[in-house]
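Since the structure comes first, as structure tokens, the remarks are kept for the end.
The values are calculated or read from the model by the stated rules, or taken from the named source; none is laboratory data. Computed from a predicted model, the values in this text were never measured in an experiment. We place every Cβ from the backbone using ideal geometry, glycine too, and count neighbours over all the protein chains shown.
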Amino acid sequence: MKNILLLFFVFSLTTYSQDKIQQVEVVETDTQIQNFSTEIGQNELRFDFLPLLYFYDYFSATYERMNDTSTAYGVSMLINFGDVINDNFAVTPYFRIYFLESEDYGGYGFFAEVFSKFAFGEFEGYLDNTNILLDENYFDIALGVALGRKWINRKGYSFEILAGIGKNLLYDNDQLDRSETMGRFSVSIGKRF
């Protein structure tokens, strides 16, 4: 009797679970993709929280605009309040191409970007073999490339990691505390609108 009741109970659960129909919308056409991208927004605002992780005294924000489902352009701005990095203010425009997973609603997945950086800053250092402290302001332009990955949910919230390298075009060998190359790193959270 117990076996019959157990069998009846299991059978009723399986029939109940198969009775429920789940509706899934499949995105197939370019029009559907474009409509969904428009629905969650084509503009994105992100804030870099890498400075918070390492207690750096700078603020970095990025605005990005989607061209279509696989390309975007934007600009990042950095304002430095401390002395951990040399750049006091920097503006970095960029162009991105998204790969792989951008087919369903665009602007996420792996990406490659080209960027230019316009930086104002201050460097200081001692002249070789002397006690003379140099303190100079500078302006530099850099060109570079970066790779990264962006995740985005259906509500439009995003998480992004990025690493890149560029060449300072106005670099001078006499500048002690500066390098011919520059790095571009970011760990950011944002929202599409």
Go through (1) crowded, with 16+ Cβ neighbours inside 10 Å; (2) modelled with pLDDT of 85 or more; (3) closer than 17 Å to G148 by Cα for N80 and report which single condition fails.
(3)
Output the residue which, of all residues in the stretch 154-173 that are of a type in the set (S, T, N, Q) and over 14 Å from the mean Cα position of the chain (by Cα), is surrounded by the most Cβ atoms within 10 Å (Cβ to Cβ).
N168
Is it fair to say Y138 is modelled with pLDDT under 95, exposed (fewer than 15 other Cβ atoms within 10 Å of the Cβ) and among the hydroxyl-bearing types (S, T, Y)?
no
The stretch 53-74, subset within 12 Å of N43 (Cα to Cα) and among the hydrophobic types (A, V, I, L, M, F, W, C), residue farthest from the chain's Cα centre (by Cα)
M66
Is it true that some residue in the stretch 147-156 is in a strand (DSSP E or B), touching a strand residue (DSSP E or B) at 6+ places or on another chain (Cβ under 8 Å) and farther than 19 Å from K191 by Cβ?
yes
On the basis of being surrounded by 16 or more Cβ atoms within 10 Å (Cβ to Cβ) and touching a residue at least 60 places away in the same chain (Cβ under 8 Å), does S60 make the cut?
yes
Checking Y98 against (1) of a type in the set (F, W, Y); (2) at pLDDT 85 or above; (3) within 30 Å of Y138 (Cβ to Cβ), only one condition comes out false. Which one?
(3)
Please go through the stretch 83-117 and give me each residue that is in contact (Cβ under 8 Å) with a residue 12 or more places away in the chain, surrounded by fewer than 20 Cβ atoms within 10 Å (Cβ to Cβ) and closer than 15 Å to W151 by Cα, ordered by number.
I97, F99, E103, D104, G109, F110, A112
